[in-house]
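Enquirer: One structure, as structure tokens, below. Some questions next.
The values are calculated or read from the model by the stated rules, or taken from the named source; none is laboratory data. Keep in mind the model is a prediction, meaning the values are calculated, not measured. Because the Cβ atoms are built from the backbone with ideal geometry, glycine has one as well, and the counts that use them run over all protein chains shown. With ligands, DNA and RNA removed, areas are computed over all heavy atoms of the protein, side chains included. Shrake-Rupley method; radii C 1.70, N 1.55, O 1.52, S 1.80 Å.
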Amino acid sequence: MRWRVVQMVARTAFLEFWRSPAAVFWTYGFPLMMAVVLGFAFQPSPPKPVPIAVVEAPGANAVFQSLQSSKRLAVEMLSPELADEALARGRIALLIKVDVDGPVLRSDPTRPEAELAHLLVHRALRDARQGEVAMARIEVEDRPGSRYIDFLIPGLIGLNLLGAGMWGVGFNLVQMRVQNLLRRIFVTPMRRSEFLAGYLLGRSVLVIPEAVAILLFGVLMWGVPFRGSYMAAMLVIVIGGWTFTGIGVLCASRARTIETIGGLMNAVQLPMWILGGSFFANEALEGPVRWVAECLPLTHVNRALRDVMLEPGTLADIWMPLSFLAAGGVLCFAAAMRLFRWQ
Amino acid sequence: MSSSAIDGVPAIELRALRKTYKLRRTETVAVDGLDLVVNRGEVFGLLGPNGAGKTTTVEICEGLTIPDSGTVSILGRQWGQGEDHAIRARIGVCLQETKFHENANVREVLSLFRSCFDQGRSVDEALALVSLEEKQDARQKSLSGGQRQRLAVATALLGDPELLFLDEPTTGLDPQSRRQLWSVVRDYQAAGGTVLLTTHYMEEAQQLCDRVAIVDRGKIIALDSPADLIKSLAAEHFILIDGEQSPSDEDLLAVPEVVAVERQTERIVLTVESVRGALPLLLQIFSARGIEIDGLSTRHATLEDVFVDLTGQSLRDGEDQ
Ligand SMILES: Nc1ncnc2c1ncn2[C@@H]1O[C@H](COP(=O)(O)OP(=O)(O)O)[C@@H](O)[C@H]1O
Ligand SMILES: [Mg+2]
């Protein structure tokens with residue numbers, strides 16, 4: 001391998017990406033937008049009060065008042081007809097009728113808030129009878145490090161390494177094959193190894209700033225903690241990026257049309273999107289599905305990232321997933337070297 | 001040129017070359033038992049209609065396509081015998097159709113290709129060879145067809161090759177771009193280079209090539225210098241007479257110099273041994289019959305006529321010229 005050739009190929013691959021505004025937007029802009037939107041969507045907030053109604057009747061007022069003292073209930077007093085309609089339409093989770101024997105609770109058990117409403121009403125009435133208005137305080141879990149957004153940001157970085165690594169090289173390589181550029185390169189004294197190494201290099205350096213952007217964004221905007229080693233995090237990003245780029249090159253090593261490579265990459269990425277642990281913890285999975293999840297490189301990227309961000313992890317804690325990833329990358333590169341076709 | 005240019009072996013030697021393509025049930029014979037020797041220092045043209053097998057032949061020479069049978073020797077070496085890298089370092093290739101990186105400019109494309117040659121000419125030299133200095137910062141999309149093609153030729157010249165392959169280098173180009181490329185080829189030849197080019201433009205073959213092989217259906221049906229190919233025709237001149245009416249074939253063939261008569265709509269084309277000898281007699285026949293002549297022209301035979309004579313088909317195949 002001649003380093004100057006590798007360098008030139010890398011430079012060309014890099015510039016080809018950098019000068020294409022659409023590619024830059026979809027790899028840098030889009031994931032950041034996703035981080036914003038998901039961040040807002042999963043902002044921790046106090047639970048909304050559960051809407052319930054008391055039917056107008058003699059003696060209903062006392063019940064109404066004791067329920068009103070509960071902060072977690074939104075109570076209103078309604079006529080029997082209106083109350084029935086509100087329950088039927090799902091505007092309230094529970095309806096309370098007061099007759100001579102006391103209050104009767106009515107609800108639609110298929111509605112998830114019904115259970116909660118029952119519980120809250122029971123507690124409110126019990127507390128009122130004991131003359132205590134105070135509710136047991138319900139705490140909202142909102143300390144940095146344990147919110148969903150904290151879990152999500154490392155997952156998004158992982159997904160992004162996956163997407164950028166694979167789409168970035170896959171399409172581009174096949175495009176080069178379709179437009180006869182690979183054949184043109186083949187008839188020069190450029191070696192396959194020089195071309196592939198340069199290509200891999202030029203593309204995998206691209207994923208680093210992008211992953212760092214999401215990371216910074218998560219830390220600065222959502223207060224996602226960074227408790228572990230920066231070095232280790234960088235290493236996860238670099239090695240993860242290299243592994244996914246390697247998978248992309250492998251996928252593109254034989255595909256002859258854009259449609260083929262598109263389908264192939266979707267097929268490879270879909271299991272990782274679902275089982276790779278970006279959106280939910282795949283440690284909770286069981287049986288064969290779990291084994292599959294454990295074999296996915298994304299699982300290990302995400303796990304390693306969470307170890308160094310959410311916990312005070314260092315290189316010593318993540319060397320296992322890292323070596324798994326690096327080995328995967330080397331394997332893909334070696335396979336691509338064998339399988340790669342110029343035409 | 002490196003010193004090995006003077007060693008004895010021909011630049012290209014093809015023996016009994018055969019290549020078939022199988023697509024589902026149908027089998028296409030692209031190259032059908034082709035023999036060819038291209039000597040050092042000559043510009044050799046493969047002339048033939050679309051689908052004749054020119055590209056397949058050239059790509060076999062370039063090591064891009066593997067023949068079913070036959071032998072290929074490029075600068076005295078064979079593909080697939082551990083010398084591929086050495087051959088590639090000494091040849092320059094311009095494929096029939098290549099698009100370079102969309103977002104790369106001319107200089108960057110050349111730098112990329114330059115990097116893989118251990119020896120060769122500088123990017124600036126290559127730019128000057130094809131007169132693209134002013135366009136060196138332009139990206140692919142802003143180049144005209146002629147400029148793209150010149151860039152493709154420049155990439156082929158970067159390694160200072162002994163042997164240059166040009167597959168339809170001027171197809172689709174305007175006459176001016178075509179002439180520019182011809183002069184690049186002539187300069188390359190003047191510096192000692194050997195060229196194998198394909199074309200379906202007879203004018204190009206006539207202007208540029210020292211020798212031409214006329215290819216049809218994967219076979220070489222004639223091979224000689226353009227001038228000698230034309231001389232091989234029974235008669236080298238044509239008289240074209242336009243008019244609504246015309247004398248009968250017998251009357252026309254009665255003129256001793258007339259070799260053949262071809263009738264087109266409102267035009268007859270006479271193949272004659274000499275225009276000066278045939279024309280007065282022909283005019284006499286027309287005036288004796290009282291037939292009016294709307295137009296009259298003469299032309300010298302071209303390689304196109306050689307092709308028509310050999311195959312009974314037109315070379316251009318409905319293509320623009
Ligand atoms: N890759 C291929 N697969 C199938 N048929 C092919 C392929 N390449 C060329 N052919 C066929 O081989 C014949 C010769 O093609 P080609 O060498 O490209 O001719 P030319 O360059 O003279 O136009 C044509 O009939 C063409 O359709
Ligand atoms: Mg062709």
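Enquirer: Determine the percent antiparallel among the DSSP beta bridges restricted to chain A, to the nearest 5. List each step's numbers first, then the result.
Expert: Values: 6 of 15 bridges.
Among the beta bridges of chain A, antiparallel pairing accounts for roughly 40 percent.
Enquirer: Which whole-angstrom value gives the distance between the alpha carbon centres of the stretch B:187-263 and the stretch A:8-63?
Expert: Computed from Cα coordinates, the inter-centre distance equals 73 Å.
Enquirer: Give the carbon-plus-sulfur fraction of the accessible surface of the protein assembly as shown in %, rounded to a whole number; probe 1.4 Å, heavy atoms of protein chains only. Numbers along the way, then the final one.
Expert: Values: 17310 of 30810 Å².
Its accessible area is 56 percent carbon and sulfur atoms.
Enquirer: Place the peptides B:276-288, A:180-192 in order of packing, highest mean first, counting for every residue the other Cβ atoms within 10 Å and averaging per peptide. Provide the component values of the computation, followed by the final result.
Expert: Values: B:276-288: 14.9, A:180-192: 20.0.
Peptide ranking by packing, descending: A:180-192, B:276-288.
Enquirer: Calculate the length of the line joining the C-alpha centroid of the stretch B:78-127 to that of the stretch A:203-278, in whole Å.
Expert: Here the two parts' Cα centres lie 33 Å apart.
Enquirer: Then there's this: Please work out how much length the chain gains when fully extended from residue A:82 to residue A:231, using 0.36 nm per residue of separation minus the C-alpha to C-alpha distance, in nm with one decimal.
Expert: On the way: separation 149, 0.36 × 149 = 53.64 nm, distance 6.33 nm.
Answer, rounded to one decimal: 47.3 nm.
Enquirer: A further question follows. With the contact rule set at Cα under 8 Å and sequence spacing of 6 or more, what percent relative contact order holds for chain A? Please list the in-between numbers first.
Expert: On the way: 495 pairs, mean separation 71.0, N = 343.
About 21 percent, as a whole number.
Enquirer: I would also like to ask the following. Could you give the dipole magnitude of the protein assembly as shown about its Cα centre, charging the beta-carbon of Lys and Arg +1 and that of Asp and Glu -1, in debye to the nearest 20?
Expert: On the way: 65 positive and 76 negative charges, 546 e Å.
Dipole of the protein assembly as shown, to the nearest 20 debye: 2620 debye.
Enquirer: Does anyone have the angle between helix B:275-289 and the longest principal axis of chain B? Alpha-carbon axes, 0 to 90°, nearest 10?
Expert: 40
Enquirer: Please give the per residue accessible area of chain A, computed with a probe of 1.4 Å over protein heavy atoms only, in Å². Before the final figure, lay out the partial values.
Expert: On the way: 16380 Å² over 343 residues.
Per residue, chain A has 48 Å² of solvent-accessible surface.
Enquirer: Could you derive backbone 3J(HN,Hα) for the stretch B:57-71 from the dihedral phi with the Karplus parameters 6.51, -1.76 and 1.60 (θ = phi - 60°), listing whole Hz in sequence and x where the residue is Gly or Pro?
Expert: Residue by residue, the stretch B:57-71 yields 4, 4, 6, 5, 4, 7, x, 7, 10, 9, x, 5, 7, x, 10 Hz.
Enquirer: Rounded to the nearest 5, what % of the DSSP beta bridges within chain B are antiparallel ones? Walk me through the numbers on the way to the answer.
Expert: Values: 40 of 58 bridges.
DSSP beta bridges in chain B are roughly 70 percent antiparallel.
Enquirer: Could you work out the relative contact order of the stretch A:215-297, using alpha carbon pairs under 8 angstrom and six or more residues apart, expressed as a whole percent?
Expert: Details: 24 pairs, mean separation 16.3, N = 83.
Averaging sequence separation for qualifying contacts and normalising by length gives 20 percent for the stretch A:215-297.
Enquirer: Would you mind working out the magnitude of the charge dipole of the stretch B:163-321 relative to its Cα centre, with +1 at each Lys and Arg C-beta and -1 at each Asp and Glu C-beta, to the nearest 20 Debye? Walk me through the numbers on the way to the answer.
Expert: Values: 13 positive and 28 negative charges, 89 e Å.
Rounded to the nearest 20 debye, it is 420 debye.
Enquirer: With a point put 7 Å past each Cα toward its Cβ, work out how far residue A:33 is from residue A:254 in nm, to one decimal.
Expert: About 3.7 nm separates the two model spin labels.
Enquirer: Between rounded, prolate and oblate, where does the stretch B:156-278 land on the alpha carbon gyration tensor, with a ≥ b ≥ c its root eigenvalues, rounded for a/c under 1.5, else prolate if a/b exceeds b/c? Spell out each step's value before the answer.
Expert: Working: a/c = 3.01, a/b = 2.45, b/c = 1.23.
Prolate shape, in that a/c is at least 1.5 and a/b is the bigger ratio.
Enquirer: Is there a simple number for the mean count of other chain Cβ atoms within 10 Å of the Cβ of residues in B:94-106, and what is it? Working shown, then result.
Expert: Details: counts 2, 5, 1, 4, 7, 7, 6, 10, 5, 8, 5, 2, 0.
Mean inter-chain Cβ contacts per residue within 10 Å come to 5.
Enquirer: For a 26 Å ceiling on Cα separation, which of these pairs sit above it: B:22/B:54; A:71/A:97; B:22/B:219; B:54/B:141? Can you show the working numbers first?
Expert: Details: B:22/B:54 18 Å; A:71/A:97 21 Å; B:22/B:219 19 Å; B:54/B:141 29 Å.
From the list (B:22/B:54; A:71/A:97; B:22/B:219; B:54/B:141), the Cα-Cα distance tops 26 Å for B:54/B:141.
Enquirer: For residue A:294, what accessible surface area do you get with a 1.4 Å probe? Give it in Å², rounded to 10.
Expert: 50
Enquirer: If one computes P(r) from the Cα atoms of the protein assembly as shown, what percent of pairs lie at distances over 38 Å?
Expert: Details: 126745 of 220116 pairs.
When every Cα pair of the protein assembly as shown is considered, 58 percent fall beyond 38 Å.
Enquirer: With r as the distance between the Cβ atoms of residue B:293 and residue B:260 and R0 = 30 Å, compute the FRET efficiency 1/(1 + (r/R0)^6) and round to 0.05.
Expert: Working: r = 19 Å, r/R0 = 0.65.
It comes out at approximately 0.95.
Enquirer: Another one. How much solvent-accessible surface does residue A:295 expose, in Å² to the nearest 10, with a 1.4 Å probe and all protein chains in place?
Expert: The value for residue A:295 is about 90 Å².
Enquirer: As a test of understanding, state the convex hull volume per residue of the stretch B:12-226 from its alpha carbons, in Å³. Each step should come with its number before you reach the end.
Expert: On the way: hull volume 26.9 nm³, N = 215.
Per-residue hull volume (Cα only) is 125 Å³.
Enquirer: Quick one: if you stick a label point 7 Å off each Cα along the C-beta vector at residue A:122 and residue A:18, how many nm between them?
Expert: 6.6
Enquirer: Let me ask something additional. I need the calculated FRET efficiency for the pair residue A:105 and residue A:216, taking r as the beta carbon distance and R₀ as 45 Å, to the nearest 0.05. Present the calculation step by step, with values, prior to reporting the outcome.
Expert: Numbers: r = 51 Å, r/R0 = 1.13.
With a Förster radius of 45 Å, E is 0.30.
Enquirer: Sequence gap at least 6, Cα distance under 8 Å: using those rules, report the relative contact order of the stretch B:47-157 to the nearest whole percent.
Expert: Values: 92 pairs, mean separation 27.9, N = 111.
Dividing the mean separation by the residue count of the stretch B:47-157 yields 25 percent.
Enquirer: Still on this structure: Tell me whether chain A comes out rounded, prolate or oblate; compute the Cα gyration tensor, take square roots of the eigenvalues as a ≥ b ≥ c, and use a/c under 1.5 as the rounded threshold.
Expert: Working: a/c = 3.53, a/b = 2.78, b/c = 1.27.
The shape class here is prolate.
Enquirer: How much of the DSSP bridge set in the protein assembly as shown is antiparallel, in percent, rounded to the nearest 5?
Expert: Percent antiparallel among DSSP bridges in the protein assembly as shown is about 65.
Enquirer: Which helices count as membrane-span-like in chain A under these terms: full DSSP H, at least 15 Å along the axis by C-alpha, Kyte-Doolittle mean of -1.0 or more? Intermediate results must be reported in sequence, preceding the final value.
Expert: Numbers: long enough: A:3-18 (22 Å, 0.56); A:30-41 (16 Å, 2.25); A:112-129 (27 Å, -0.30); A:148-178 (43 Å, 1.14); A:192-222 (45 Å, 1.38); A:230-252 (33 Å, 1.87); A:258-275 (26 Å, 1.12); A:297-309 (18 Å, -0.14); A:315-339 (35 Å, 1.53).
Span-like helices here: A:3-18, A:30-41, A:112-129, A:148-178, A:192-222, A:230-252, A:258-275, A:297-309, A:315-339.
Enquirer: Give me the log10 of I(q) over I(0) for the stretch B:234-300 at q = 0.23 Å⁻¹, as the Debye formula computes it from C-alpha points; what are the numbers?
Expert: -0.96
Enquirer: Taking only protein heavy atoms into account and a 1.4 Å probe, give the accessible area per residue of chain B in Å². Intermediate values should be presented prior to the final figure.
Expert: Details: 14430 Å² over 321 residues.
With the other protein chains kept in place, chain B gives 45 Å² per residue.
Enquirer: Pick from B:198, B:265, B:71: which residue has the top mean-square fluctuation in a GNM of chain B where Cα pairs under 10 Å get a spring?
Expert: Result: B:265 has the largest fluctuation of those listed.
Enquirer: Pull out a ≥ b ≥ c, the square roots of the eigenvalues of the alpha-carbon gyration tensor of the stretch A:50-140, then state rounded if a/c is under 1.5, prolate if not and a/b is larger than b/c, and oblate in the remaining case. If you can, show how the numbers build up before the last one.
Expert: On the way: a/c = 1.93, a/b = 1.17, b/c = 1.66.
The shape class here is oblate.
Enquirer: Quick one: Debye curve from the C-alpha atoms of the stretch A:148-339, no solvent, what's log10 I(q)/I(0) at q = 0.09, 0.14, 0.17 Å⁻¹?
Expert: Reported log10 I(q)/I(0), two decimals: -0.33, -0.76, -1.06.
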